[in-house]
Amino acid sequence: MRHHYSSNSIRKFACRLIAAAMLLALFPISRLRAADDRAFPFPYVQEDLPNGLRLVTIPTDSQNLVSIYVVVQTGSRNEVEPGKTGFAHLFEHMMFRGTELYPPQKYDAVLTKAGAASNAFTTDDFTAFYTTFSKEDLSQILAMEADRFQNLDYAPEVFKTETGAVLGEFNKDSADPSFKLEEVLADTAFDNSTYKHTTMGFRKDVEDMPNQFDYSRQFFDRYYRPEYATIVVAGAVDPKVVRPLVDKYWGNWKRGSYQAAIPQEHAQNGPRENHVDWPGPTLPLVTIAYHGPAYSDTDKSWAALDALSTLAFSDTSDLYEKLVIREQRVDPLAADFAPHFDPGLFVISARVKHPEDIQYVRDQILATVKQYQTDLVPSQRLASVLAHERYGFALSLNNSQSVAVTAARFIALRRSPDTINKLFALYATLTPDDIRTAARKYLTDDERTIVTLTGKGGAQ
């Protein structure tokens, strides 16, 4: 089964797999980084092919397994044309429809024989395709992946079948109140940004997809090009073996020339609110969001707000202790400031147990925001949170696939795992005043959007 993730559905833990360092993008020659005390401890080789394709090879102590992630820096953010949303997610599906050399049955047969696991996911900013397999199958997998990225082929009837499946997935997601809330929040909070729609796209566009065969070919031709792609190979690999194979199978991939004009969001001119009347029984949902900065590994603002989301709204926070544990009015309570290429949303979410508590919960969240705008968080508390985040990050890098997906998510933002170390170095410099400054600058009433959802007939 192929699957997608929107930015909000990638759990906060995954979002914290963003850490710091990136300047390697300035150096097209191969450079081997030595492991030291960096947050991302693995030495790696980063190389650029003449066609613009980037290769990042990360040897680990895996005995036999290799994971390949092909990161395409194309997500729903790139869907700039009216009536054409949802195509990044569609191509997560279409890329498994085969080529003349490897039709779907043959592609699956090769994976089965290799004992490989293969899948894909889509976010606001990128699409990733991954395969995990035994190291002796490296050449075969690289060849097969190169073929579909360069020679994807599908007939109009196949396209219509797959677009129908995408609409079915949209309908399935739409049966989830949290998906609807996410959809309404994005549409309410943004005016110009392509973050205004989720990775699934607007319903009317998804319903019209079967009529967009010619545009689908254009979308593939624009974005599935080497300058938009980075290959991450992690596990039981030798960079000196990987590079010649990538040259052999991917070196003739032709560079493109298309660059999308991504619209930029203007400052919000006042608080906004919206409400969703859910047709069935469900617990009420409250979401309070603020426009925040784009991901950065050099400016403290993004890191400070990310730290604030844990300080103020995680299961170790005072508000969680009050609303979830002592008063038992809410479950769960969380905040998410997902890293985005463009300015995104700092989102606080709560599921309320009783409708009569909606206003109270909302007021408690807003009071907590105000508290962090006025008071300085204790230095010891900040240090404890930052240490815990770094420790959790280190524990997550426990196999070749986790190393590869971590690198892939960083690469989607800065095209280099180096950004991991730069970000964690930035975290280490955060002070209580940095947290308060970020709260005062970004968590303002004018940049706030509140969306609530209530159902009929009580809890589900």
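The values are calculated or read from the model by the stated rules, or taken from the named source; none is laboratory data. Because the structure is a prediction, the values reported are computed rather than measured. Here the Cβ positions follow ideal geometry from the backbone for every residue, glycine too, while neighbour counts run over all protein chains shown. What goes into the accessible areas is simple: the full protein's heavy atoms, side chains included, and nothing from ligands, DNA or RNA. Shrake-Rupley method; radii C 1.70, N 1.55, O 1.52, S 1.80 Å.
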Residue-ordered couplings for segment 108-120, obtained by feeding phi - 60° into the Karplus form 6.51 cos²θ - 1.76 cosθ + 1.60 and rounding to whole Hz (Gly and Pro as x), are 5, 5, 5, 5, 4, 4, 7, x, 8, 10, 9, 6, 7
The Kirkwood hydrodynamic radius of segment 190-341, taken as the inverse of the mean 1/r over all distinct Cα pairs, in Å, comes to 21.0
Using alpha-carbon coordinates alone, the radius of gyration and Dmax of segment 326-367 in Å work out to 12.6, 38
Here the gain from full extension of Ala425 to Lys456, 0.36 nm per residue of separation minus their alpha-carbon distance, amounts to 6.3 nm
Projected area averaged over all directions for the convex hull of the alpha carbon atoms of segment 143-263, nm², comes out at 10.3
Sequence order, segment 297-304: Karplus ³J(HN,Hα) from phi using 6.51 cos²θ - 1.76 cosθ + 1.60, θ = phi - 60°, Hz rounded, Gly and Pro as x, gives 10, 10, 9, 6, 4, 5, 4, 5
Straight-line reach check, Lys456, cutoff 17 Å on alpha carbons, 8 or more apart in-chain or any other chain, hits among lysines -> Lys180, Lys353
The extension gain from Asp187 to Lys248, computed as 0.36 nm times the residue separation minus the Cα-Cα distance, is 17.5 nm
Between Gly455 and residues 5 or more places away or on another chain, the pairs with built amide H atoms under 5 Å apart involve Trp278, Thr282
Taking a crude spin-label model, label points 7 Å out from Cα along the C-beta direction, the Ala267 to Asn51 distance in nm is 4.6
In segment 294-362 the accessible area split gives carbon plus sulfur, as whole percent at 1.4 Å, a share of 48
Between His340 and residues 5 or more places away or on another chain, the pairs with built amide H atoms under 5 Å apart involve Tyr295
Magnitude of the Cβ-charge dipole (Lys and Arg +1, Asp and Glu -1) of the chain about the Cα centre, nearest 20 debye, reported as 680
A student asked for the Cα radius of gyration and Dmax of the chain in angstrom ought to give 22.4, 65
Under 11 Å by backbone N from the virtual spin label 7 Å along Cα-to-Cβ at Asp375, the residues of segment 301-336 are 318-319
So, for the Cα atoms of segment 349-433, Rg and Dmax in Å stand at 18.0, 48
Rounded to the nearest 500, the 222 nm mean residue ellipticity computed for the chain from DSSP H runs (n ≥ 4, each -39500 (n - 2.57)) alone is -12500 deg cm²/dmol
Taking only the alpha-carbon positions of segment 137-184 as identical scatterers, the Debye log10 I(q)/I(0) at q = 0.14, 0.30 Å⁻¹ comes out as -0.63, -1.00
Segment 98-122 and segment 165-186 have their Cα centres apart by a whole-number Å value of 28
Percent of all Cα-Cα pairs per 5 Å bin for segment 156-209, counting from 0 up to the last occupied bin, reads 5, 19, 26, 22, 15, 8, 4, 1
A correct Karplus calculation of ³J(HN,Hα) over segment 126-141, with 6.51 cos²θ - 1.76 cosθ + 1.60, θ = phi - 60°, whole Hz and x for Gly and Pro, returns 7, 10, 10, 10, 9, 9, 10, 7, 7, 4, 5, 9, 4, 4, 4, 5
Counting only protein heavy atoms with a 1.4 Å probe and every protein chain in place, the carbon and sulfur fraction of the accessible surface of segment 150-228 in whole percent equals 48
Taking Lys and Arg as +1 and Asp and Glu as -1, residues besides Tyr224 with C-beta under 14 Å from its C-beta add up to +1
Between the modelled labels at Asp363 and Leu101 (7 Å from Cα along Cα→Cβ) the distance in nm is 6.7
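Hey, with R₀ at 30 Å, roughly what FRET efficiency would Arg390 and Ala117 work out to, going by the Cβ-Cβ distance, to 0.05?
0.55
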The answer for the chain, accessible area per residue at 1.4 Å probe in Å², is 41
